[in-house]
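Visitor: Once you've had a glance at the structure underneath, I'll fire off some questions.
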Amino acid sequence: MGFTRRDLLKFTGGATVGLVLTPVPWGLLRDTALLSETWPGVPQPARGEVRTRYTTCTLCPAACGVRARCVGEQPVSLAGVPEHPASRGALCANGLVAHHLPFCSDRATRPLANGRASTMEQAVARIRTAVDACGPDESVAILDPRPGRAASLVYRRYLAGLARGVYCAASNPFGVDLENTRAIVSFGVPVLDGWLSPGRVFAVRSHFALIQVEPEYSRTASLADLWVPIVPGGEAAFAGAVESGLRGEPTDPAAERVARMLLDHKPAIAIGPGAEKLNISLGSVGKPGGFLRRRDVAPATDFADLPDRSVRVLFTEEASLPWSVIERKLVARGAVVVALTAWHDAYASHADYVIPAPLFLESLDEAATPAGSTVAGFSLSPALVAAPQSVIAPPEFILRLAGDSTTYPDILKQRVAGLKKDGQGSVFTYADAKSTRVRDIGSADDLWKLLLAGALWLDDPLPQSGSAPLRADASYAPAPHRSPLMSKLDQESGLRRV
Amino acid sequence: MFEEHRGKILFLAGMLAALTAGWRVFPVARYQNVAQPVNFSHKIHADKAGAKCEDCHTLRDDGTFAGVPTLDKCSSCHAQPMGTSAREKQFIDHYVTPNREIPWQLYVRQPQNVYFSHAFHVKLAHLDCRQCHGPQGESDTLPAARIERISSYSGSPHFQDMDVCENCHRQRGATNSCLGCHK
């Protein structure tokens, strides 16, 4: 009897069972998984000398110091800078993986005009026409999410040259003396979830009592010393009740308890909507452990104060206000929104023109005063990777629109020269964690080189007075990421261990 | 007898063939051996030149590992032939004179998504080089590098297996968090 089909099936069946009991399937799985790391399209870090470079994160206003481990010219891992005055060696989850952002498929890489691909020249010409067509009761506005930068100066100059230009920003001239604060009552501000420089907050977390007043049992509420649930929109009413409690008047039991905690833990501050009057009652303005005035913030128009239906052309960077607020200010017909952004999200989805901006690590940029700092600050964020050719930094675009031949790096250099000329403050260098007085640095060029290599200039503290108007809110809080991966990274980023 | 149990015998024969192929042939066929371009002798350099491991395999000031030395290190002594052997002449002619880097095959190439710090393991954990690399420093010849045919990664499976790292970390009470190695 010959070898039949049935014999073949039985032999194959035996071979299949035997194969499962060998390393073959598992070895092939592993090898193909490793092979997938080198498929076309998968970024491959160059092999070469491992170097450390320093920069400052510009993803949010926290301006954390960044230590980049580079292989060749390519950053392969990012970490915090130990002893950095603002970030205290920590980075948030976004900062830790920022070197992966250039590979994100959702980024903007080419100019779009009404959703269609355009050239930069066409976009500039059309936007210039729209600006020129601005009527007598209409305005051209730039909404600056981070006032106080050299870019802000570019925006102001451009708008000053227009008949009806309005520079809009939520300027906040106060920093928080967090290191000396003993209690914080927060009205919905995510204090432990991205407020100010997260590393700084966690570094002093054990020194202050945290009272979280908000309707939702948020992550900050879950980690607070006391969570006070309130009805949505009830912040101002509860703040008023706490004020009554501070004066010793009978009030709501929860408010009385909060008032007692605040009196037991002085100095205390209140943050978030409804906190202004409470801070005056607490005497937390211009005092150690409270809100301290710093030097850098120039006055600006609050976007919410613009008349409704008055903005003909609006330039935006990152989203800093809800779109409904923006939309209310735009003229009913023919409004032009220009999103100077690196991402196809937020305002870009509503914008008539999308001008692609470089990402953090892709171009020389500036990080202004770290969020919540009690003194003015300045640091540079040098480019560590090449940007796509079609992107343009927002201030460069505005300079181009204005027909100004000055470059953004030139303006940054002028700013550094100004710092040297003033001779105030000191420079913290990331590589050796040393501080040097500005007047002890030889020249503006030397200061520029120091900042380019990774350094933070910090101003001297200003003399304080307690009578200044106060605006302390949650506008600095970046939107937290909620994915499990981000949470995992966040837990391991150093923030929880500081 | 054979006809009576024909099905079972064929099934077992297939199983045996697969087991033999899987355990004997696959582990060998999975890799290709690639000879090193220069037959370097650690023993000669240690005995005759008095070289120490740290002379060539250094940690930089920032803690990063310099790895395999570049040609500059070799040229500092071998600018001229050290002896009259054919191997020495070939080395000088092929690499030193044209100033061409030696294309060493790496024995242990980590996957791209893995960060490994020699400084942490040598300076903080006080691991001996031999614990991972074996007695390489006393060898007279360089063994061929084993390159995986599918993935093109080099090195023994022992080094690239995450279980090995995790087991050692567990035994020594070191952290096993993802970001410890994958950054």
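The values are calculated or read from the model by the stated rules, or taken from the named source; none is laboratory data. Keep in mind the model is a prediction, meaning the values are calculated, not measured. Heads up, the Cβs are rebuilt from the backbone with ideal geometry, glycines too, and the neighbour counts pull from every protein chain shown. For the accessible areas, the whole protein counts, side chains as well, though only heavy atoms, and no ligand, DNA or RNA atoms are used. Shrake-Rupley method; radii C 1.70, N 1.55, O 1.52, S 1.80 Å.
Visitor: Can you give me the pair-distance distribution of the stretch A:130-235, C-alpha pairs, 5 Å bins, whole percents?
Guide: 2, 11, 15, 14, 11, 11, 8, 9, 9, 6, 2, 0
Visitor: So if R0 is 41 Å, what FRET efficiency would residue B:3 and residue B:150 give, r being the distance between their Cβ atoms, rounded to the nearest 0.05?
Guide: After rounding to 0.05, the efficiency reads 0.45.
Visitor: Quick one: what are the phi-derived ³J(HN,Hα) couplings along the stretch A:349-365, Karplus 6.51/-1.76/1.60 with θ = phi - 60°, whole Hz, x for glycine and proline?
Guide: Computed from phi, the couplings for the stretch A:349-365 are 5, 9, 7, 7, 10, 10, 9, x, 9, x, 8, 3, 5, 9, 8, 5, 9 Hz.
Visitor: Mind grabbing the accessible area of residue A:26 for me, 1.4 Å probe, Å², rounded to tens?
Guide: Roll a 1.4 Å probe over it and residue A:26 shows about 150 Å².
Visitor: With runs of 4+ DSSP H residues as the only contributors, calculate the mean residue ellipticity of chain B at 222 nm using -39,500 (n - 2.57) per run, divided by the residue total and rounded to the nearest 500.
Guide: The helix-only estimate for chain B comes to -9000 deg cm²/dmol at 222 nm.
Visitor: Under 8 Å for C-alpha pairs, at least 6 residues apart: give me the relative contact order for the stretch A:324-442, rounded to a whole percent.
Guide: 15
Visitor: Going by alpha carbons, how many degrees (0 to 90, nearest 10) lie between the helix axis of A:5-20 and the longest principal axis of chain A?
Guide: Tilt of helix A:5-20: around 40 degrees.
Visitor: Taking a cut-off of 19 Å between Cα atoms, list the lysines near residue B:89, but don't count ones fewer than 8 places away on the same chain.
Guide: B:48, B:73
Visitor: Let me ask something additional. Once the piece of chain linking residue A:260 and residue A:247 is laid out straight, how much longer is it, given 0.36 nm per residue of separation minus the C-alpha distance between them?
Guide: Difference between extended and current length: 3.6 nm.
Visitor: Cβ under 11 Å from residue A:286's Cβ, residue A:286 left aside: what net charge do those residues give with Lys, Arg +1 and Asp, Glu -1?
Guide: Net charge in that neighbourhood comes out at +1.
Visitor: Could you tell me the accessible area of residue A:119 in Å² (1.4 Å probe, neighbours in place), rounded to the nearest ten?
Guide: Accessible surface of residue A:119 is approximately 60 Å².
Visitor: Rank these by accessible area, largest first, 1.4 Å probe: A:193, A:302.
Guide: A:302, A:193
Visitor: Okay, moving on. Take A:280, A:271 and sort them by solvent-accessible surface of the protein heavy atoms, 1.4 Å probe, largest at the top.
Guide: My answer, sorted largest first, is A:280, A:271.
Visitor: Hey, another quick one. For the Cα atoms of chain A, what angle does the longest principal axis make with the long axis of helix A:408-422, in degrees from 0 to 90, nearest 10?
Guide: Roughly 50 degrees between the two axes.
Visitor: May I pose another question? Any idea what Rg and Dmax come out to for the protein assembly as shown if you just take the C-alpha atoms, in Å?
Guide: Rg and Dmax of the protein assembly as shown, Cα atoms, are 32.1, 108 Å.
Visitor: What do you get when you divide the Cα radius of gyration of the stretch B:93-173 by 2.2 N^0.38 Å, with N the number of residues?
Guide: That works out to 1.33 for the stretch B:93-173.
Visitor: Report the rotationally averaged projected area of chain B based on its alpha-carbon convex hull, in square nanometres.
Guide: Here the figure is 16.7 nm², rounded to one decimal.
Visitor: Also, quick follow-up: For chain A, take the longest principal axis of its alpha carbons; what is the angle in degrees between that and the long axis of helix A:24-36, to the nearest 10 within 0 to 90?
Guide: 50
Visitor: Now a separate question. Please give the net charge around residue A:398, taking every other residue with its beta carbon less than 13 angstrom from that of residue A:398, where Lys and Arg add +1 and Asp and Glu add -1.
Guide: +1
Visitor: For residue B:107, tell me the accessible area in Å² from a 1.4 Å probe, rounded to the nearest 10.
Guide: 60
Visitor: Count the DSSP beta bridges whose two residues both fall in the protein assembly as shown, then state the antiparallel fraction as a percent rounded to the nearest 5.
Guide: 55
Visitor: Run the Debye formula on the Cα coordinates of the stretch A:340-403, all scatterers equal and no solvent, and tell me log10 I(q)/I(0) at q = 0.16, 0.20 1/Å.
Guide: Cα-only, vacuum Debye calculation for the stretch A:340-403: -0.66, -0.92.
Visitor: Step through the residues of the stretch A:452-462 one at a time and calculate ³J(HN,Hα) from phi using the Karplus curve (6.51 cos²θ - 1.76 cosθ + 1.60, θ = phi - 60°), rounding each to whole Hz and writing x for Gly and Pro.
Guide: Karplus-based 3J(HN,Hα) across the stretch A:452-462 equals 5, 7, x, 7, 10, 8, 10, 6, 7, x, 8 Hz.
Visitor: Which order do A:140, B:122 take by accessible area at a 1.4 Å probe, largest first?
Guide: B:122, A:140
Visitor: Once the other residues with Cβ under 13 Å from the Cβ of residue A:256 are scored (Lys, Arg +1; Asp, Glu -1), what is the net sum?
Guide: Net charge in that neighbourhood comes out at -1.
Visitor: Let me know the volume per residue of the alpha-carbon convex hull for the stretch A:320-376, in Å³.
Guide: Expressed per residue, the convex hull around the Cα atoms of the stretch A:320-376 is 127 Å³.
Visitor: Next up: Near the amide H of residue A:364, under 5 Å away, which other amide H atoms are found, from residues 5 or more places off or on another chain, if H is placed in the peptide plane?
Guide: Residues meeting the amide H criterion: A:383.
Visitor: If you only keep lysine pairs separated by 8 or more in sequence, or across chains, how many in chain A come under 19 Å at the Cα atoms?
Guide: Close lysine pairs under the 19 Å cut-off: 9.
Visitor: Mean separation of Cα pairs under 8 Å and 6+ residues apart, divided by the residue count of chain A: what relative contact order is that in percent?
Guide: Contact order relative to length: 20 percent.
Visitor: Same structure, new question: Would you mind checking which residues have amide H under 5 Å from residue A:83's amide H? H placed 1.01 Å from N; only 5 or more apart, or other chain.
Guide: Those lying under 5 Å, H to H, from residue A:83 are A:89.
Visitor: Starting from the Cα-Cα distance between residue A:446 and residue A:302, subtract it from 0.36 nm times their residue separation and give me the gain in nm to one decimal.
Guide: 48.1 nm
Visitor: Work out from phi, with θ = phi - 60° and the Karplus expression 6.51 cos²θ - 1.76 cosθ + 1.60, the ³J(HN,Hα) of each residue of the stretch A:275-283, listed in order in whole Hz, and give x for Gly and Pro.
Guide: 8, 4, 5, 4, 5, 5, 4, 6, x
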